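Notes follow once the structure below has been shown.
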Amino acid sequence: MALAVTCWLVIAAGTATGVVLVGDGGGTTQAAAAALPSASASPSAAASSSAPVIAPTPTVAPSPSSTVKGTVQGSTHSGDLRFFLLPVPSDAEAYGDSDGNKMTVADIAKTLGNPTTSKKILNEYGCSGGAYRSYRSNDGTVTVDVQLLHFDGSGHAGDWASGLTFGKGKEFSVSGIDNGRGIAFDPATADGDGELLGISHVGDVEYEITVSGTGKLAHSLLTPLMKREEQRLSTGH
């Protein structure tokens, strides 16, 4: 069940898609998205743009010989959560570890404005950790960031996903994704940085996919990515 509190607020840091955690005192909890770790993280304000960050040098896409393994049975996922990350296209380049990176609950909490409160709520939801990976498209026009959070059941994963609120951005539906939604963060100018965020869950895993690029991004960019992530989480393939 959701953590009952009198009133609390947490601001996600290090991302243009700042979000807040809000408790209304009646046992209802709205949870914030854990932003991908960033050296430029700052808890100063929600939905504020951060300074440019130099991305690490891309590595080749994940090899078929990867030893990362996971299994799914019904709504329950087990094994290495990185196994369920959105596969990197063969013509794209992964940043950092090609298998992705693991996140502890403490890691996730540190990306939010109030790590202590965030960690408490994550533990209340039975979060056992997460995983993330980023890659750049072959033509270099967009970067895709994928994050998974593993909860103790489908209910808490759904509570986290549906409870996300944002300081700004326009919400839209994503065709073919049950209980999923997209949020567009359009730049003020044509050459500014645009961002799309897709959120949903499959069983006990909540996922977030962020697409970043220049200018206003087409909402349709999220559809195939979210469908592919749902396939991976549903079948392991």
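Among the residues of segment 190-206, the ones that are in a loop (DSSP other than H, G, I, E, B) and out of contact with any Ser or Thr (no Cβ under 7 Å at 6 or more places or on another chain) come to 2 in all.
Would you check which residues across segment 108-133 are outside any loop (DSSP other than H, G, I, E, B) and either at pLDDT 95 or above or hydroxyl-bearing (S, T, Y) (or both) and list them?
T116, T117, S118, N123, E124, G129, G130, A131, Y132, R133
Within segment 137-189, the set of residues being β-branched (V, I, T), surrounded by fewer than 17 Cβ atoms within 10 Å (Cβ to Cβ) and part of a loop (DSSP other than H, G, I, E, B) comprises T141, T189. Look at segment 75-90: where a residue is within 16 Å of S134 (Cβ to Cβ) and without any contact (Cβ under 8 Å) to a residue 60 or more places away in the chain and a partner is buried (at least 18 other Cβ atoms within 10 Å of the Cβ) and among the aromatic types (F, W, Y), sitting 6+ places away or on another chain with Cβ atoms under 7 Å, you get V88/Y135.
Considering only residues that are touching a strand residue (DSSP E or B) at 6+ places or on another chain (Cβ under 9 Å) and touching a residue at least 60 places away in the same chain (Cβ under 8 Å), look in segment 212-228 and name the one that is farthest from A188 (Cα to Cα).
Top of the filtered list is L225.
The single residue among S118, S90 that is polar (S, T, N, Q) and surrounded by fewer than 22 Cβ atoms within 10 Å (Cβ to Cβ) turns out to be S90.
You will find that of G129, G100, the residue that is at positive phi and surrounded by fewer than 19 Cβ atoms within 10 Å (Cβ to Cβ) is G129 and no other.
The values are calculated or read from the model by the stated rules, or taken from the named source; none is laboratory data. Treat the numbers as computed from the prediction; the structure is a model and nothing was measured. Neighbour counts are summed over all protein chains in view; Cβ atoms, including those assigned to glycine, are modelled from backbone coordinates with ideal geometry.
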